[in-house]
Amino acid sequence: MRAGTFLKATSSLRGDFFEDALIFIAEVKADGVLGFVVNRKFPRPLNELEEFRNSVPFELYDGGPVDREHIFMLHRRPDLISGGMPVADGIYYAGDFGAAVSYINSGAIIGSDIKLFIGYCGWDAGELEAEMAEGSWELLEEGDVFAQGLS
């Protein structure tokens, strides 16, 4: 498995947090894998979160069950958002979140440039591979998270 690929939940995950989830894999390391559910919108926009009340309305996604106290991002604007880590095909993970919010508020960054997630999906080394072997996930081709009709 490598960063930039998608996982699709199989029917064995019905009734689970991951039911019908499409996950974009953002980071693969020796100690585990990190990804985001990209097809589940969060019920509130950015400006409805207390610390971002002064922001413009901007869509959030329910990225996963881990660390739901923070916002994570995928973007394709390294020219505006510094510090991001390349994932694949011009997609970056993380970076200067303050700058990202400023550019969202000014309109310089739009939904087709960035996805914001509450929480993430994480697996320790070998855990995701075991779940795939038991049939919980289907590995899909690499793709552009921004071209998935999620804007």
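Some values worked out for this structure:
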quantity	calculated
Most fluctuating residue given options Gly126, Gly35, Gly84, as computed from a GNM of the chain linking Cα atoms under 10 Å	Gly126
Cα-based equivalent ellipsoid, the range 1-90: semi-axes from gyration tensor eigenvalues, Å	23, 20, 11
Order of His70, His75 - criterion: other Cβ atoms within 10 Å of each residue's Cβ, fewest first	His70, His75
Residues listed by number, the range 108-124, amide nitrogen under 14 Å from Glu51 label point at 7 Å toward C-beta	117-119
Cβ-placed point charges (K, R +1; D, E -1), dipole of the range 5-142 about Cα centre in debye, nearest 20	540
Length-normalised contact order of the chain in % [C-alpha pairs under 8 Å, at least 6 apart]	30
Rg over Rh, two decimals, the chain (C-alpha only, Kirkwood Rh)	0.96
Choice from Ala21, Ala100, Ala130 showing the highest fluctuation, given a GNM over the chain with Cα pairs closer than 10 Å	Ala130
Sum of -39500 (n - 2.57) over DSSP H runs of 4+, divided by residues of the chain (222 nm, nearest 500)	-3000 deg cm²/dmol
Counted charge near Phe117, where neighbours are those whose Cβ lies closer than 11 Å (Asp, Glu -1; Lys, Arg +1)	+1
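Quick note: the coordinates plus some simple rules give every number you see, no bench work behind them. Just so it is clear, the model here is predicted, and its values are computed rather than measured. Glycine also receives a Cβ, built like all others from the backbone with ideal geometry; neighbour counts cover every protein chain displayed.
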